[in-house]
Amino acid sequence: MKDRADTLKRCGETFYGYFVEVRLAGAISYKSAHGIMNVYRLMVRPDHFRKGIARCLLGHVERGL
């Protein structure tokens, strides 16, 4: 990602992280308005691929609608 901390703070997206022990293993960002959710970023560390992390993150934000 080419974003910096200050641009991420101003982007208006909501971020959630998925942690394994104390390390960030995945993250999602989205915006929601009028019952419609747009996912802007969905990332999983390569050493955690195929463990259901992306599915878990998507499910978490979908339940929040």
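The values are calculated or read from the model by the stated rules, or taken from the named source; none is laboratory data. Please read these numbers as outputs of a predicted model, since none were measured by experiment. Note that we place each Cβ from the backbone using ideal geometry, even for glycine, and neighbour counts take in every protein chain shown. Side chains included, ligands, DNA and RNA excluded: accessible areas come from the protein's heavy atoms. Shrake-Rupley method; radii C 1.70, N 1.55, O 1.52, S 1.80 Å.
Just a few scattered comments:
- One quarter of the convex hull surface built on the alpha carbon atoms of the chain amounts to 5.0 nm², the projected area averaged over directions.
- Solvent accessible area, Å² - Tyr16, 1.4 Å probe, full protein context: 90 Å²
- For Arg23, solvent-accessible area (1.4 Å; no DNA, RNA or ligand), Å²: 130 Å²
- In this structure Val20 has an accessible area near 60 Å², from a 1.4 Å probe over the protein heavy atoms.
- Interchain or long-range residues, amide H under 5 Å from Arg41's placed H: Ser29
- For the chain, the solvent-accessible area of protein heavy atoms averages 78 Å² per residue (probe radius 1.4 Å; ligands and nucleic acids excluded).
- Ordering His34, His48, His60 by accessible surface, largest first, gives His34, His60, His48; the 1.4 Å probe counts only protein heavy atoms, with every chain in place.
- For the chain, the relative contact order is 25 percent, taking Cα pairs closer than 8 Å that sit 6 or more residues apart in sequence and dividing their mean separation by the residue count.
- Accessible-area composition of the chain, carbon plus sulfur, in percent [1.4 Å probe]: 53 percent
- Taken about its Cα centre, the chain carries a charge dipole of roughly 100 debye when the Cβ of each Lys and Arg holds +1 and the Cβ of each Asp and Glu holds -1.
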